[in-house]
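Undergrad: Here you go, one structure.
The values are calculated or read from the model by the stated rules, or taken from the named source; none is laboratory data. Only a predicted model underlies this, so the values are computations on that prediction, with no experimental measurement involved. Reconstructed Cβ throughout: ideal geometry from the backbone, glycine too, with neighbour counts over all protein chains shown. Only protein heavy atoms, including side chains, enter the accessible area calculation; ligands, DNA and RNA are left aside. Shrake-Rupley method; radii C 1.70, N 1.55, O 1.52, S 1.80 Å.
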Amino acid sequence: MSQQVALDQKQTFEALAPIWSELLDLPSEEISEDTDFFGAGGHSLTAMLAVTQIEKKIGKKVPLFALVENPTLAKFSGFVANLDNQERVEEAQAPDGSSSQSERLLGYNSPERRETRNTFFENYYAQAMQSEAHAEFCRNVYGDNFGQHGMADKEQLDLLIQRLAIKKGDIVLDMGCGYGLISKYIAEATGAKVIGVDLSASAIKFAKSMALGNEGLEFHEMDIAKLEFAAGTFSHIISIDTIYYAPSLPDLLQCFRKIGQPDVKLGIIRTYPKRTFTKQTWSPDRTQLASELKEVFDGYETFDLSREENEHWRQKKEVLESLEQQFSDEGSRELWEFRYKEAAYEAGIEQFRYMFVTGQST
């Protein structure tokens, strides 16, 4: 545990300046009182790294929103120096055992958590399509039963298709396709060929069986960190609630650039849970994803789906409560508990959800 160091504002400034220099990749002589963390290239990931380093080096646990609200080094130094007089913000422990949102996100793709998560999902995909109770749950929550685990309903899928202008003749990569039923929906709605990848052997086995004889669908058991496709294969790449699982976001987007055609379009939907954050913390332009998209794809357009996201979790919890006995009667109690534990936790947290789309004509 880090020992707290008593520092005045000047000493705090001197302690923070090297951290900013390192994380923003700026020479120390370019760091001044007026250096704006986000204006100088910082984003959600570097901000989390900053507060983590501050706790390690001077023993002060700084809420991430403080950096958003005090973005210059002078203002932030003042906040940190006066932290003992600020109202402390405590977080409830997450289901994975992490004690803070920063800790959870920074460790999200550690080898241990990836292995645990992969085991959870393999168990899920081995059970979900066998359960009529789960099918009823999906129809009530998502509008159709695609065996889905994420948060995108049919309205969000239709918006994604519309904004990407997917059409017949296109080749679409569905990253993290699960059972492949969303891939099938996109292929049937657009006439495009959709190639789905997922790490779950059970999900891909189902998808391949479902796609037999359908030239518009193709599925592969594949890690998203090791996408093995020829350069220039895809006209579109979509990630629906799966970008979280990339061990390295910069590497993944560079891979998208390589396997995509020169004018490839990306459609990425992801959620940022609030916990001790604020909407300003997770404004799209401050996220690591936005920063990397600007770097690799020259920009993006965003669509705010936050209202739908918060309603989604409340609805999930209510529907699962109404179907608890049906799950139990058919022998799917474990599946119900897996889904309900997640829904009950997330329903109590404000969520910010965005669709990021690249390649839009202006």
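Undergrad: With a 1.4 Å probe and all protein chains in place, put Arg286, Arg314, Arg117 in order of accessible area, largest first.
TA: Solvent-accessible surface, decreasing: Arg314, Arg286, Arg117.
Undergrad: A further question on this structure: Mind checking which lysines have their C-alpha under 29 Å from Lys60, skipping anything on the same chain fewer than 8 residues away?
TA: Cα-Cα hits under 29 Å: Lys10, Lys75, Lys274, Lys279.
Undergrad: Probe radius 1.4 Å, ligands and nucleic acids ignored: give me the carbon and sulfur share of the accessible area of the chain as a rounded percent.
TA: Working: 7850 of 16930 Å².
Here carbon and sulfur together make up 46 percent of the probe-accessible area.
Undergrad: Nearest 20 debye, what's the magnitude of the dipole of the chain about its Cα centre given +1 on Lys and Arg Cβ and -1 on Asp and Glu Cβ?
TA: Computed about the Cα centre, the dipole is about 260 debye.
Undergrad: Less than 14 Å Cβ to Cβ from Asp144, Lys/Arg counted +1 and Asp/Glu -1: what total charge do the surrounding residues give?
TA: Its environment carries a net charge of -2.
Undergrad: In addition: Among Pro63, Gly78, Leu23, flag the residue with its Cα farthest along the positive direction of the charge dipole of the chain, charges on Cβ as +1 for Lys/Arg and -1 for Asp/Glu.
TA: Leu23
Undergrad: Here's another thing I want to ask about it. If you count only protein heavy atoms and use a 1.4 Å probe, how large is the accessible surface of Lys167, to the nearest 10 Å²?
TA: Roughly 110 Å² of Lys167 is accessible to a 1.4 Å probe.
Undergrad: Moving on. When the Cα centres of region 28-42 and region 322-362 are compared, how far apart do they sit, in Å?
TA: 39
Undergrad: Using +1 at the C-beta of Lys and Arg and -1 at the C-beta of Asp and Glu, which of Thr242, His220, Ala128 has the Cα lying farthest in the positive direction of the dipole of the chain?
TA: His220
Undergrad: Also, I was wondering about something else. Is region 164-243 rounded, prolate or oblate when judged by the Cα gyration tensor, a ≥ b ≥ c being the square roots of its eigenvalues, rounded requiring a/c under 1.5 and prolate requiring a/b larger than b/c?
TA: oblate
Undergrad: Moving to a separate point now. Under a Cβ-only charge scheme (Lys and Arg +1, Asp and Glu -1), can you give me the dipole magnitude of region 185-339 about the Cα centre, in debye to the nearest 20? Present the calculation step by step, with values, prior to reporting the outcome.
TA: Working: 19 positive and 26 negative charges, 81 e Å.
That gives region 185-339 a dipole magnitude of about 380 debye.
Undergrad: To check you understand DSSP bridge types, tell me what percent of the beta bridges within the chain (both residues inside) are antiparallel, rounded to 5.
TA: Beta bridges within the chain, antiparallel portion: roughly 40 percent.
Undergrad: Something else about it: What accessible area per residue comes out for region 148-288, rounded to a whole number of Å², with a 1.4 Å probe?
TA: Heavy-atom SASA per residue in region 148-288 reads 40 Å².
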